[in-house]
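Below you'll find the structure, written out as structure tokens, and then a few comments.
Here, each number is a calculation from the coordinates, and none is a lab measurement. Please read all numbers here as calculations on a predicted model, not as lab measurements. Glycine gets a Cβ as well: all are built from the backbone with ideal geometry, and neighbour counts include every protein chain shown.
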Amino acid sequence: MIDIISAITVNVLTALYQPFLFAVLTAYLFMYWYLFIVDNSRDPKNLKDSVLIWLRYFKASSKFRRLFFLAFYFTLILFKTLLNRNMWMNPLSNVIGQWSLYIIDNATGESRLTTECVENTMLFIPFCMLLLWWRDIKCDIIRTIYVGIKYVFLFSLSIEFTQLFFRLGTFQLSDLFYNTLGGLIGALLYWLFYRLNKYIDLK
């Protein structure tokens, strides 16, 4: 059990810290584009002025901050699932995927620990929570779970088909299942935090 927890912790932290600066920069540039191009009512005089306006909106707007954190985590997921992948000759070589914590090494016949299923689940828990937080979902638990599962499933499905089309990894049903499971857990946690926050506000 200790080996499993240790392997999961190392792999998850590695997935987060490796692209951290890249994700921050990408999220910043996305929000810069969002602020000054999509919402073009702002007219910065120079680069310094644009940075100050960006920081002012980050400090003042909760919606702006939520979208920034979502874009940041979205980039982390893309880096792990697409941008940091090697080319595969046959992306359909293992469609069923890996469903357990141990796999059999064909060369030696020995079982080997793999935490991919747990990592996939954990990866999409924060993503679902950030997505629901950004959309400011305030509804009953069934609706919250439905929205969370729907968006995580569609996002995960798009990742799998992108991997298939560009041969970046393999298309796996297990990935789709565990990613969606992470969305389910994330939606439940989001709803619990929402109810807790609402209860505290009423007191």
> Helix 141-166: angle to the longest alpha-carbon principal axis of the chain, degrees 0 to 90, nearest 10?
Replying inline: 70
>> Students often forget the sequence filter, so: which lysines lie under 19 Å Cα-Cα from Lys48 once same-chain residues fewer than 8 apart are removed?
In response: Lys59
>> Angle check, please: helix 47-60 long axis (alpha carbons) against the longest principal axis of the chain (alpha carbons), in degrees 0 to 90, nearest 10.
In response: 80
> So for the pair Leu29, Asn90, with labels modelled 7 Å out along Cα→Cβ, what separation do we get in nm?
Replying inline: 3.8
>> Taking R0 as 25 Å, what FRET efficiency do you get between Leu21 and Ala60 from their Cβ-Cβ distance, rounded to the nearest 0.05?
In response: 0.50
> Picking from Ile137, Tyr190, Gln98, whose Cα lies most toward the positive end of the charge dipole for the stretch 63-203 (charges on Cβ: Lys, Arg +1; Asp, Glu -1)?
Replying inline: Ile137
>> Taking the 0 to 90 degree range and rounding to the nearest ten, how far is the long axis of helix 2-17 tilted relative to the main principal axis of the chain, both from C-alpha atoms?
In response: 40
> Pulled fully out, how much extra length does the chain show between Phe166 and Lys45, if you take 0.36 nm times their separation in residues and subtract their Cα-Cα distance?
Replying inline: 39.4 nm
> Given the convex hull of the Cα atoms of the stretch 119-203, what is a quarter of its surface area in nm²?
Replying inline: 5.6
> Charges only on Cβ, +1 for Lys and Arg, -1 for Asp and Glu: so what's the dipole of the stretch 115-202 about the Cα centre, in debye to the nearest 20?
Replying inline: 300
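Using Stokes-Einstein with the Kirkwood hydrodynamic radius over Cα pairs, what translational diffusion coefficient do you get for the chain at 37 °C and a viscosity of 0.692 mPa s, in µm²/s rounded to a whole number? Intermediate results must be reported in sequence, preceding the final value.
Working: Rh = 19.0 Å.
D, rounded to a whole number, is 173 µm²/s.
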> So, in Å, what gap is there between the alpha-carbon centers of the stretch 141-200 and the stretch 111-130?
Replying inline: 11
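Compute the Rg/Rh shape ratio of the stretch 1-84: radius of gyration over Kirkwood radius, all on alpha-carbon atoms. Each step should come with its number before you reach the end.
Numbers: Rg = 16.5 Å, Rh = 14.5 Å.
Dividing the radius of gyration by the Kirkwood radius yields 1.14.
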